[in-house]
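Colleague: Dumping the structure here so I can ask a few things about it.
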Amino acid sequence: GDSVTQTEGLVTLTEGLPVMLNCTYQTIYSNAFLFWYVHYLNESPWLLLRSSTDNKRTEHQGFHATLHKSSSSFHLQKSSAQLSDSALYYCALSDDTNAYKVIFGKGTHLHVLP
Amino acid sequence: EAAVTQSPRSKVAVTGGKVTLSCHQTNNHDYMYWYRQDTGHGLRLIHYSYVADSTEKGDIPDGYKASRPSQENFSLILELASLSQTAVYFCAAGTGLAEQFFGPGTRLTVL
């Protein structure tokens, strides 16, 4: 079945350094939709980025990701980490055959240090 | 005003007791979902619904029931709560392939 694999556990960075959180996926369907959700402590998760277009960069709030169907990847990047980026990040997968269902990865905690 | 609300926000239950978690949405989304969040497992789908009076099993439905009496309301029911059901539960609403809107979560502790 479909699955999502993320950088596991905790990623600790110093403020100002680049961020890269890995996400790879498996699906039998050709039209995959990939998402990044962010979950700040004591808040609700919300959608940060979404893409279904191969090799197109998607950006929002300083973060960006490019869906590469050839390598089944959708890595989240940011050029310079900020303290306020500390959160739990989920990569997620859906497709237009099972449009209702979103499969989430296990999440990556990003902790940015001063 | 939040589009998805949950109640209660936290709950302590006894083993074997019945627990009902409620979710309400105001944006008229067709799909509603219940997830549980555990460290190391991320968000796992318990039940979902795409129309009132109908629910479907997700990936981890055992020990849980769901009810959707209206477009706006979606409940998660634990008939016999167990220690292993201690977790944070999130309700979400969406329109499929688009953004899912999450509620604030319910922290359930089963003792």
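The values are calculated or read from the model by the stated rules, or taken from the named source; none is laboratory data. Fair warning: this is a prediction, and the values are worked out from it, not measured in the lab. Methodologically, a virtual Cβ is constructed for each residue, glycine included, from the backbone with ideal geometry; neighbour enumeration extends over all protein chains shown. When the accessible area is computed, the model is the full protein with side chains, heavy atoms only, and any ligands, DNA or RNA have been set aside. Shrake-Rupley method; radii C 1.70, N 1.55, O 1.52, S 1.80 Å.
Colleague: Looking at residue B:12, is it in contact (Cβ under 8 Å) with a residue 60 or more places away in the chain, crowded, with 23+ Cβ neighbours inside 10 Å and either under 10 Å from the mean Cα position of the chain (by Cα) or farther than 18 Å from residue B:65 by Cβ (or both)?
Modeller: It is false that residue B:12 is in contact (Cβ under 8 Å) with a residue 60 or more places away in the chain, crowded, with 23+ Cβ neighbours inside 10 Å and either under 10 Å from the mean Cα position of the chain (by Cα) or farther than 18 Å from residue B:65 by Cβ (or both).
Colleague: Being in contact with a helix residue (DSSP H, G or I) (Cβ under 9 Å, 6 or more places away or on another chain) and surrounded by 15 or more Cβ atoms within 10 Å (Cβ to Cβ) is the filter here, so list the residues in segment B:44-66 that pass it. Talk me through it step by step, then tell me what you get.
Modeller: At the first step, the residues of segment B:44-66 found to be in contact with a helix residue (DSSP H, G or I) (Cβ under 9 Å, 6 or more places away or on another chain) are B:63-64.
If the condition is that a residue be in contact with a helix residue (DSSP H, G or I) (Cβ under 9 Å, 6 or more places away or on another chain) and surrounded by 15 or more Cβ atoms within 10 Å (Cβ to Cβ), then B:64 is the only one that fits.
Colleague: Which of the residues belonging to segment A:76-100 are open to solvent by 10 Å² or more (accessible area, probe 1.4 Å), in contact (Cβ under 8 Å) with a residue 12 or more places away in the chain and at the interface with chain B (Cβ under 8 Å from one of its Cβ atoms)?
Modeller: A:96
Colleague: Identify, by number, the condition in (1) facing chain B (nearest Cβ under 8 Å); (2) surrounded by fewer than 19 Cβ atoms within 10 Å (Cβ to Cβ) that residue A:55 doesn't meet.
Modeller: (1)
Colleague: Of all the strands (runs of 3 or more DSSP E) wholly in segment B:31-111, which have at least 1 residues that are away from chain A (no Cβ under 11 Å) and touching a strand residue (DSSP E or B) at 6+ places or on another chain (Cβ under 8 Å)?
Modeller: Correct list: B:31-38, B:42-51, B:54-57, B:65-67, B:73-78, B:87-94, B:106-110.
Colleague: Identify all residues within segment B:95-111 that are modelled with pLDDT under 80 and open to solvent by 40 Å² or more (accessible area, probe 1.4 Å); write none if there are none. Working first, answer last.
Modeller: Here is the first cut: in segment B:95-111, the residues modelled with pLDDT under 80 are B:95-98.
Residue satisfying the conditions is B:95 alone.
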